[in-house]
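One structure below.
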Ligand code: AMP
Ligand code: MG
């Protein structure tokens, strides 16, 4: 069975970077969904027939050319350092080089125990597999950098959490799975040689421009910071809350990874928290830029031995990148929010106006996605969302004056907003309904339909109209769980 063309650069790094381990076979794998467009983008040659695909994507028959391994990493979880985490329920099969030259990790998640499993069983219930498939593919369709979902398989095995649940395996695809926590792993061991190898690997793979910089590692840090700033700005533009922004869940490639108790907010609330384990609101919606900076400061600390032979000078370099972060983020976020109200320049005044609207939305508990979508074109429907209709009408008037002042015509503004404000997001209640049908009744129809509804989020499609609606009061999901 082939899955071409593997070229496994991570497996050529020293053995301290991973454990070589095969996925642990599952009882009776059944293919739930294969992402054929993604397989085609990657140039994969896949076997025919559902059974062969199920054996492949469960890990029961790893493809030719795979060199399965579990990656070592550490991480700060809710601010506390854990010197060894690592892939406890995932294996990297290898890297494929797509026809367009892009290099991607192919990883199985839920594939059995590894050296890094600690007390865990290395498995995943179907629920989190479905959540990650749905949400990561939705993020991609929303143009947010993210890992992708290639396939999901039901294992035919039961996993035991607070109750017995059907098991699943997700095949995910990412630019890489290298995390801030991967750097922390070697920094905690004072292994500067490994740190340098890792940094060089990340430069080759994600930031080749750094090679020519006067100080490649300082340039690397700056580019990672920029990628993370851009990512968090995009999250916030679609109302996404990652939920567990621990350093081990922060990709140095600037992609969204590790979809756990993540959520999209319905009504706008800057302090929104959904994760059942985030008691202090550390990872609340509005706190995400500050946490991103916190995570980067940890990365900066790891890079100190590489930045300069003089430690004081090295720390200054790291500090200067971190000191720039708030401005970098603000610049990206202003652009994101400006586009949401039809202005592309990303200036402070436009941002102030967008913020005023957010203030009205917060006070009136207005649905974030619906309000911005209706702003493009349907004034009455927009106003009907607000308790304080006059306040909202007043805002509309200032906004129109602002557009005129900027010489942005209404048609242009509308087209910008229609490509910045989605009609469809993976709303929590829909994701929950899909998971319940799958886990409780072995019914995957709601999952498939949800995935299809989210494929083209910026296009109104009448057949999916109900997916644009916020939850009814009895459907509201106010808490999400890792469930792993
Ligand atoms: P997370 O924050 O969910 O990405 O996971 C944090 C750490 O826990 C990672 O090292 C995971 O590999 C590990 N982990 C989570 N669930 C399991 C499981 N069921 N079995 C083994 N390790 C797990
Ligand atoms: Mg993780």
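The values are calculated or read from the model by the stated rules, or taken from the named source; none is laboratory data. Fair warning: this is a prediction, and the values are worked out from it, not measured in the lab. Virtual Cβ from ideal backbone geometry, glycine too; neighbours counted across all protein chains shown.
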Search segment 274-287 for residues being at pLDDT 95 or above and surrounded by 22 or more Cβ atoms within 10 Å (Cβ to Cβ), and hand back the single one that is nearest to residue 232 (Cα to Cα). 285
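For (1) exposed (fewer than 13 other Cβ atoms within 10 Å of the Cβ); (2) modelled with pLDDT under 95; (3) more than 31 Å from the chain's Cα centre (by Cα), each residue gets a yes or a no:
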| residue | (1), (2), (3) |
| --- | --- |
| 350 | no, no, no |
| 359 | no, no, no |
| 371 | no, no, no |
| 374 | no, no, no |
| 397 | yes, no, yes |
| 404 | yes, no, yes |
| 409 | yes, yes, yes |
| 416 | no, no, no |
In segment 97-111, what residues are away from ligand 2 (no atom under 16 Å from the Cβ) and in contact with a strand residue (DSSP E or B) (Cβ under 8 Å, 6 or more places away or on another chain)? 97, 98, 103, 104, 106
If a residue has to be surrounded by fewer than 16 Cβ atoms within 10 Å (Cβ to Cβ) and in contact (Cβ under 8 Å) with a residue 40 or more places away in the chain to count, how many in segment 48-64 make the cut? 2
Test each condition in (1) touching a strand residue (DSSP E or B) at 6+ places or on another chain (Cβ under 8 Å); (2) within 16 Å of ligand 1 (Cβ to nearest atom) for residue 239 and report the one that comes out false. (2)
So residue 74 fits all but one of (1) within 14 Å of ligand 2 (Cβ to nearest atom); (2) surrounded by fewer than 24 Cβ atoms within 10 Å (Cβ to Cβ); what number is the exception? (2)
If residue 253 meets every condition in (1) more than 16 Å from ligand 2 (Cβ to nearest atom); (2) farther than 23 Å from residue 272 by Cα apart from one, which number is that one? (1)
In this structure, does residue 67 turn out to be outside any strand (DSSP E or B), within 16 Å of ligand 1 (Cβ to nearest atom), touching a residue at least 60 places away in the same chain (Cβ under 8 Å) and within 30 Å of residue 302 (Cα to Cα)? no
When both residues are 6+ apart or on different chains and their Cβ atoms are under 7 Å apart, which pairs have a first residue that lies in segment 316-329 and is not assigned by TED's automatic domain parsing to the domain that holds residue 222, and a second that is in a helix (DSSP H, G or I) and surrounded by 20 or more Cβ atoms within 10 Å (Cβ to Cβ)? none
In the set 248, 204, which member is within 16 Å of ligand 1 (Cβ to nearest atom) and not assigned by TED's automatic domain parsing to the domain that holds residue 172? 248
Count, please, the residues in segment 155-166 that happen to be touching a residue at least 40 places away in the same chain (Cβ under 8 Å) and surrounded by fewer than 24 Cβ atoms within 10 Å (Cβ to Cβ). 5
